[in-house]
Amino acid sequence: MDRLAAHVIATAALTVTLATVPVLFADASHAATTSATAAPQVQSTAAQTGRAGQVGQTPVTVTVPERPRLLFSGGPCADVHQVGPTAHEIYDGMVSFSVKEFYSPACHDFYGYSFAWLQFRKLHVRYDVGMAVYDATHDSIDGARTYIGGAGGPDYWSAPVAAAKGTCYQAEGHYFYYPPNSPYGFVEGDTLSPKVCD
């Protein structure tokens with residue numbers, strides 16, 4: 001399958017996801033939380049290893065390494081930095097969103113990021129955002145997150161995507177705008193940042 005066909009299929013899948021996600025899930029109070037707490041202690045006993053019943057066995061405590069600290073609950077790791085240049089989504093002749101790709105050396109993850117510009121937000125046009133990381137090497141969209149009605153903005157992050165050697169990535173923003181004067185009910189946009197290879 002060529003790159004264009006794969007991108008069309010992946011965009012269609014993201015479009016279906018955006019169109020079918022219930023509004024309930026866009027509410028931040030329903031989002032799963034991730035805590036950057038201290039490393040948990042795990043007890044390993046003979047019963048867990050299948051040698052239950054042997055006398056004189058001592059439980060062993062194993063410390064699980066802590067995942068690097070997050071910027072905010074459900075967000076990227078704190079050491080993220082932008083990689084590659086910024087792309088821009090255009091709506092009605094103006095820049096509506098910045099689209100950037102970020103990388104975390106500590107977590108070894110890529111993230112797609114989008115920011116709604118103030119000039120666009122002042123238009124009060126309802127919009128939905130889908131953020132992801134496009135794997136240009138394998139023609140796949142990874143780490144997709146959907147924000148219905150602009151919930152959670154003006155900053156929008158994809159889920160983390162583990163970096164793989166020899167793979168090229170791009171941040172992908174997929175946008176649905178719902179202006180009152182649209183003959184079809186919505187306007188759609190798709191913007192990719194320039195490729196960054198690991």
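Values quoted throughout were computed directly from the atomic coordinates according to the rules given, and no laboratory measurement underlies them. Computed from a predicted structure; not experimentally measured.
To the nearest µm²/s, what D does Stokes-Einstein give for segment 93-172 at 25 °C and 0.890 mPa s, using the Kirkwood radius over alpha carbon pairs as Rh?
186 µm²/s
In whole Å, what are the Cα extents of segment 151-198 along the three principal axes, biggest one first?
46, 21, 12
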